[in-house]
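The values are calculated or read from the model by the stated rules, or taken from the named source; none is laboratory data. Because the structure is predicted, anything quoted here is derived from the model rather than measured. Cβ: placed from backbone, ideal geometry, glycine included. Neighbour counts: every protein chain shown. Please note that ligands, DNA and RNA were not included when accessible areas were found on the heavy atoms of the full protein model with its side chains. Shrake-Rupley method; radii C 1.70, N 1.55, O 1.52, S 1.80 Å.
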Amino acid sequence: DGEGWEGEEGGDDGRNGKSPTYPLKIQQSTPLRVLHRRSSDVRLRYVLGLSARRMSDHWFRLRMSTSAGTYVKEFVHGDCGRTRPSIGSMLGGRTDITELDCEGIAL
């Protein structure tokens, strides 16, 4: 069983080592992977909640809730700086996503 952390009230975007405050405002430029079919724009999205569990020295599992339209993969790796903040920027390193499961959609 790994270590876990969750965002709390009173934090910020997480880049200074504090837990982020939710909802966490993120700015997402149209991702590189869809830029050929969508107009280039910067969209404001929100991470409504986030928790992480350390699996090993190199792996962790995220569970998150986001506003509609959030590009989750890009929030994790940052999409070459096109999503700000990202998990990678908050951790101060390179991150990538290996699996993505949608556990539900609230209407």
For the stretch 85-107, give me the residue count where each residue is over 16 Å from Y46 (Cβ atoms) and either part of a loop (DSSP other than H, G, I, E, B) or in contact with a Pro (Cβ under 7 Å, 6 or more places away or on another chain) (or both). 14
Of the conditions (1) open to solvent by less than 80 Å² (accessible area, probe 1.4 Å); (2) in contact with a Lys or Arg (Cβ under 9 Å, 6 or more places away or on another chain); (3) modelled with pLDDT of 95 or more, V76 fails just one. Which one is it? (2)
Would you mind telling me which numbered condition in (1) more than 21 Å from L100 (Cα to Cα); (2) open to solvent by less than 20 Å² (accessible area, probe 1.4 Å); (3) at pLDDT 95 or above R43 fails? (2)
Restricting attention to the stretch 85-96, which residues are open to solvent by 40 Å² or more (accessible area, probe 1.4 Å) and touching an Asp or Glu at 6+ places or on another chain (Cβ under 9 Å)? S89
Condition check for L107: at pLDDT below 95 and surrounded by 10 or more Cβ atoms within 10 Å (Cβ to Cβ): no
Looking at the stretch 23-40, which of the residues that are among the aliphatic types (A, V, I, L, M) and surrounded by 12 or more Cβ atoms within 10 Å (Cβ to Cβ) is farthest from M90 (Cα to Cα)? L35
Those residues of the stretch 64-84 which are free of Cβ contacts under 8 Å to residues at least 40 places away in the same chain and either touching a Ser or Thr at 6+ places or on another chain (Cβ under 7 Å) or in a strand (DSSP E or B) (or both), in sequence order: M64, S65, T66, V72, V76, H77, G78
